[in-house]
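What follows is a single structure, written as structure tokens, with notes after it.
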Amino acid sequence: GPAFSDEECLQVAKRFRLPNAEVVADPSARAAKDLADGRILGWFQGRMEFGQRALGNRSILLDPRRKDGKDVVNAAIKFREAFRPFAPAILLEKTHEWFECAPGTKVPFMERVFPFRPEKRELVPAVVHTDGSGRLQTVDRNSSPRYHALIESFEKLTGVPIVLNTSFNLIGEPIVCAPDDAIRTFYTCALDVLNLGNVRIAK
């Protein structure tokens, strides 16, 4: 899909005269800190994904350690059925440590389900399905450098190389495409922070 540079995102933010908009030197590290502090993020970077899954370019992100994580996202943003699980996005190199799969297993398009290792399940309750599984997405440093850096920074803060990832949209709407879409969605739901390229916008 279409891509929007950091500069294009900044120009849109300026056009809307958004309060609390700031350019950050390291958006991945700042977003990781926001997640660890309990904030719900809109994450808008680079090219839009083509398909039914958000893979880290048009995503809503949350700390997976939150026991109330699924309920918070459902009640405040996604407005969908409570039984539907949210996806764990995990660093590719750490996948086999958290899931019952072979080292090097790649699931880049969130199309496969694996059981979490039993000792890991209680650490990330927001992304573990009732049967102990997860429909995971492996995040590769080469294909998604900024997204990978976010999860890597989150691991340094928390010890967990996983974030909850769901598509950046409200019920009945398509995934956001352009910066204007992201800003409108951000201000019509309970997201706390919008990461628009390297622009951070907080409520």
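The values are calculated or read from the model by the stated rules, or taken from the named source; none is laboratory data. Please read these numbers as outputs of a predicted model, since none were measured by experiment. Cβ: placed from backbone, ideal geometry, glycine included. Neighbour counts: every protein chain shown. Heavy atoms of the whole protein, side chains included, go into the accessibility calculation; ligands, DNA and RNA do not. Shrake-Rupley method; radii C 1.70, N 1.55, O 1.52, S 1.80 Å.
In the stretch 130-149, what residues are closer than 13 Å to residue 31 by Cβ and in contact with a strand residue (DSSP E or B) (Cβ under 7 Å, 6 or more places away or on another chain)?
The answer is 147, 148.
Please enumerate the residues belonging to the stretch 100-117 that are open to solvent by 80 Å² or more (accessible area, probe 1.4 Å) and not aromatic (Phe, Trp, Tyr).
Within the stretch 100-117, 100, 103, 106, 111, 112, 113 meet the criteria.
Just a yes or no: is a residue in the stretch 70-84 out of contact with any strand residue (DSSP E or B) (no Cβ under 6 Å at 6 or more places or on another chain), farther than 30 Å from residue 121 by Cβ and of a type in the set (D, E, K, R)?
No, the stretch 70-84 contains no residue that is out of contact with any strand residue (DSSP E or B) (no Cβ under 6 Å at 6 or more places or on another chain), farther than 30 Å from residue 121 by Cβ and of a type in the set (D, E, K, R).
Here is a check on your reading of the model: is residue 194 out of contact with any Pro (no Cβ under 7 Å at 6 or more places or on another chain), at pLDDT 95 or above and surrounded by 23 or more Cβ atoms within 10 Å (Cβ to Cβ)?
Yes; evaluated as a whole, the condition is true for this residue.
Restricting to the stretch 7-48, what's the tally of residues that are within 30 Å of residue 65 (Cα to Cα) and of a type in the set (Asp, Glu)?
Total meeting the criteria: 4.
Could you figure out which of (1) on the phi < 0 side of the Ramachandran plot; (2) assigned to a loop (DSSP other than H, G, I, E, B); (3) surrounded by 12 or more Cβ atoms within 10 Å (Cβ to Cβ) isn't true of residue 52?
Condition (3) is where residue 52 drops out.
Against the condition touching a Cys at 6+ places or on another chain (Cβ under 7 Å) and either over 22 Å from residue 22 (Cβ atoms) or open to solvent by 10 Å² or more (accessible area, probe 1.4 Å) (or both), how does residue 164 come out, does it pass?
no
Say whether the condition of being farther than 25 Å from residue 198 by Cα and open to solvent by less than 20 Å² (accessible area, probe 1.4 Å) is met by at least one residue in the stretch 139-154.
no
Looking at the stretch 165-182, I want the residues that are small (Gly, Ala, Ser) and have a partner that is part of a helix (DSSP H, G or I) and surrounded by 16 or more Cβ atoms within 10 Å (Cβ to Cβ) with Cβ atoms under 9 Å, at least 6 apart or on another chain. Which pairs are those?
Between residues of the stretch 165-182 that are small (Gly, Ala, Ser) and residues that are part of a helix (DSSP H, G or I) and surrounded by 16 or more Cβ atoms within 10 Å (Cβ to Cβ), the close pairs are 167/78; 178/12; 182/9; 182/12.
To keep it simple, each residue is scored yes or no on (1) assigned to a loop (DSSP other than H, G, I, E, B); (2) closer than 25 Å to residue 34 by Cβ.
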position	(1), (2)
48	yes, yes
60	no, yes
71	no, yes
89	no, yes
96	no, no
141	yes, yes
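Within the stretch 3-46, can you find the residues that are open to solvent by 20 Å² or more (accessible area, probe 1.4 Å), part of a helix (DSSP H, G or I) and closer than 21 Å to residue 77 by Cβ?
Correct list: 30, 33, 36.
Just the residues that are of a type outside the set (A, V, I, L, M, F, W, C), in contact with a helix residue (DSSP H, G or I) (Cβ under 9 Å, 6 or more places away or on another chain) and surrounded by fewer than 20 Cβ atoms within 10 Å (Cβ to Cβ), please, taken from the stretch 170-185.
173, 174, 180
Only one of (1) open to solvent by 20 Å² or more (accessible area, probe 1.4 Å); (2) out of contact with any Pro (no Cβ under 8 Å at 6 or more places or on another chain); (3) of a type in the set (A, V, I, L, M) is not met by residue 62, so which one is it?
Here residue 62 meets the rest and fails (1).
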